[in-house]
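*Asks:* I'd like to ask some things about the structure below.
The values are calculated or read from the model by the stated rules, or taken from the named source; none is laboratory data. All of these numbers come straight from a predicted model, not from anything done at the bench. Positions of Cβ are backbone-derived with ideal geometry, glycine not excepted, and every protein chain shown enters the neighbour counts. When the accessible area is computed, the model is the full protein with side chains, heavy atoms only, and any ligands, DNA or RNA have been set aside. Shrake-Rupley method; radii C 1.70, N 1.55, O 1.52, S 1.80 Å.
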Amino acid sequence: SLEVFGGVSCGLCVLPEPEELQRCVFPESLVAMSESGRVLGEFSVSVEFTRRVLQPCLLLHAQSHGAIDGSPCGTTVTAYLNADLEVLEEDYHEYIKVSPLNITSF
């Protein structure tokens, strides 16, 4: 039996794909540059058809990386969406790497 969602091969079955959802599937990446041409950060996002708990869904994955005052930082978001674009599950991580402080005694 075929499930009504997405027209790409997903596992062992081929799923019919609504045109509206097909337009939501893409990969993209951007690089932020300073006026002098130095790379300030990167952003990437992708949306693809997948399965979660044996149900067809969309997987959204977004990442950004850059630096704040010379300290590397970034954000990662992973989300699973149903055919109505409702969030089924979301995972969000942020980080900033700071250098250890030099503490001197008086």
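*Asks:* All but one of (1) among the aliphatic types (A, V, I, L, M); (2) surrounded by 11 or more Cβ atoms within 10 Å (Cβ to Cβ); (3) modelled with pLDDT under 80 hold for LEU101; state the number of the condition that does not hold.
*Replies:* Result: LEU101 passes all but (2).
*Asks:* Now a separate question. Could you list, ordered by first residue, the pairs with Cβ atoms under 7 Å in which the first is in segment 26-43 and surrounded by 10 or more Cβ atoms within 10 Å (Cβ to Cβ) and the second is modelled with pLDDT under 95 and among the hydroxyl-bearing types (Ser, Thr, Tyr), at least 6 apart or interchain?
*Replies:* Final answer for the pair search is LEU40/SER34.
*Asks:* If you take the residues of segment 1-25 that are modelled with pLDDT of 70 or more and in contact with a Leu (Cβ under 9 Å, 6 or more places away or on another chain), which of them is surrounded by the most Cβ atoms within 10 Å (Cβ to Cβ)?
*Replies:* Per the criteria, the residue is LEU21.
*Asks:* If we keep just the residues of segment 49-69 that are among the polar types (S, T, N, Q) and within 14 Å of LEU81 (Cα to Cα), which is least open to solvent (accessible area, probe 1.4 Å)?
*Replies:* Result: THR50.
*Asks:* Okay, moving on. Counting only residues that are under 19 Å from GLU20 (Cα atoms) and either polar (S, T, N, Q) or out of contact with any strand residue (DSSP E or B) (no Cβ under 7 Å at 6 or more places or on another chain) (or both), which one in segment 70-96 is surrounded by the fewest Cβ atoms within 10 Å (Cβ to Cβ)?
*Replies:* Looking at the filtered set, the residue picked out is ASP84.
*Asks:* Do we find that THR76 is assigned to a strand (DSSP E or B), in contact with a Pro (Cβ under 9 Å, 6 or more places away or on another chain), among the polar types (S, T, N, Q) and farther than 24 Å from PRO100 by Cβ in this structure?
*Replies:* So THR76 fails the test.
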